[in-house]
Amino acid sequence: VDTIVGHASPRMLPWAMALVGAIIGLPMFFEIGLVLLMPVIYLVARRAQLSIITVGIPALAGLSAMHGLVPPHPGPLVAIGALGADLGTTLALGVLVAVPTVVVAGPLFGRLAGQWVDVPAPATYDAGAREDATGRRPSFGVTLATVLLPVVLMMGKAVADIAVEDKTQPVRRVLDLLGEPIFALSIALVVAMFTLGKASGMDRAAVSKVTGESLAPIAGILLIVAAGGGFKQVLVDTGLGTLLAEWADDANVSVLLLAWVLAVLIRLATGSATVATITASSLMVGLVDGLSSGETSLVVLAVGAGSVFFSHVNDAGFWLVKEYFGLSVGQTLKSWSLMETVLSVSGLVFVLLLGLVI
């Protein structure tokens, strides 16, 4: 963050913050990324004398887009498994959709939102509050390589699947194994213990403590995914997915548009992007038969785009943003909620555009 923001001019700061949000959002859950970025958002807004909305919205757009569109986040991964999509293809197309989506919903919309919600950054953090306890930090290259390692491993699997047709080839078997999300993330974790832990002065006890403390939030994520999966199975067993498939076939509705609408409705009802993704993807299973690998991946992305639509009072992220940014409910609706809507609609538009050429 310091490297990217430090090299950006005041005019380019919102664009730099969008990039920071996207990079941080690749390996992390939205809420965790938000907590990590808040000190930076405060400091950058004060340094540039800008509204915290102008600086913060681009970072939130980067975080949210990665959370909804790009593996290895739980929602996209479950949707890929449910619909039988190819992980590498979905990852590549997800990044392709996420980049212009973040541009529209981040720096461009953030400039408008900052005009009608002009809130100065609170003096919660000062320059000394972010000094490292050890006085040592990994280099920018090492940090970026560690964060992007699981994405590179999963992309390697996708390239091997395309380039090497023989599944028994040793190279393909190795890359297929390393590219599985569980292995890719586990490898990145072990690497991070050395590149980000040991390199910053942490001993074995400190690394063990950080790893142990991370287990508590995982329980909540597992509960959300499990509850969403249970709800999904109820809908599947009642035959609702089959009915929707028959209705869509008779009405000649675009599969991509239907996937987005279903995710939007579940998102508005439950407030959870992950539950919306899991449930909507299960309802689309009967409609992806006969689609190509690329088209199936676009259905996953349409579901992901719909899952972030209009965050409101039943979404934990809504209240996190409200409290951290010091906004009223109305100001949060006019900034954060509208940004999520712009993000969702923009994502759908770019998915539909890709659908014209795939």
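The values are calculated or read from the model by the stated rules, or taken from the named source; none is laboratory data. Small disclaimer: the values here were computed from a predicted structure and weren't measured. When we count neighbours, we look across all protein chains shown, and the Cβ atoms used for this are built from the backbone with ideal geometry, even at glycine. These area figures cover heavy atoms from the full protein model, side chains too; ligands, DNA and RNA do not enter into them. Shrake-Rupley method; radii C 1.70, N 1.55, O 1.52, S 1.80 Å.
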Q. If you stretched the chain out fully between residue 166 and residue 36, how much longer would it get, using 0.36 nm times the residue separation minus the C-alpha to C-alpha distance?
A. 42.4 nm
Q) Taking amide hydrogens as modeled 1.01 Å from N in the peptide plane, which residues meet the under 5 Å criterion relative to residue 311, leaving out close sequence neighbours? A) 340, 341
Q. Within segment 179-215, what residues put their amide N at less than 19 Å from the label point 7 Å along the Cα-to-Cβ vector of residue 136?
A. 190-211
Q.
Can you list the DSSP H helices in the chain whose Cα atoms extend at least 27 Å along the helix axis and whose mean Kyte-Doolittle hydropathy is 0.5 or higher?
A. 140-163, 215-237
Q | 18 Å Cα-Cα reach of residue 157 towards lysines, excluding residues that sit fewer than 8 places from it in its own chain | A | 167
Q: Evaluate the distance, in nm, between pseudo-label points positioned 7 Å from the Cα of residue 183 and of residue 254 along their respective Cα→Cβ axes.
A: 3.8 nm
Q | Spin-label pair residue 152/residue 205, simplified geometry with 7 Å Cα→Cβ offset, distance in nm | A | 3.4 nm
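Please report, in debye to the nearest 20, how large the charge dipole of the chain is about its Cα centre when each Lys and Arg carries +1 at its beta carbon and each Asp and Glu carries -1 there. Don't jump to the answer; show the numbers that get you there.
Values: 18 positive and 23 negative charges, 221 e Å.
Here the size comes out at about 1060 debye.
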Q: Could you tell me which label, among (1) 23.6; (2) 20.4; (3) 21.1, carries the value of Kirkwood radius over Cα pairs in Å calculated for this structure?
A: (3)
Q | Distance histogram in 5 Å bins (all Cα pairs of segment 259-354, percent per bin) | A | 3, 15, 23, 21, 16, 10, 6, 4, 2, 0
Q.
Please list, ordered by chain and number, the residues whose modelled amide H lies under 5 Å from the amide H of residue 288; skip anything fewer than 5 residues away on the same chain.
A. none
Q) Given a cut-off of under 8 Å on Cα pairs at least six residues apart, what relative contact order in percent is computed for the chain? A) 21 percent
Q. At a 1.4 Å probe radius, carbon and sulfur cover how many percent of the accessible area of the chain?
A. 68 percent
Q | Per residue value of the accessible surface for the chain (all protein chains in place, 1.4 Å probe), Å² | A | 46 Å²
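Once you mark the trypsin sites (Lys or Arg not before Pro) that are in a DSSP loop and have at most 16 other Cβ atoms within 10 Å, what is the longest gap between them in the chain?
Numbers: sites that count: 136, 167.
The answer is 168-358.
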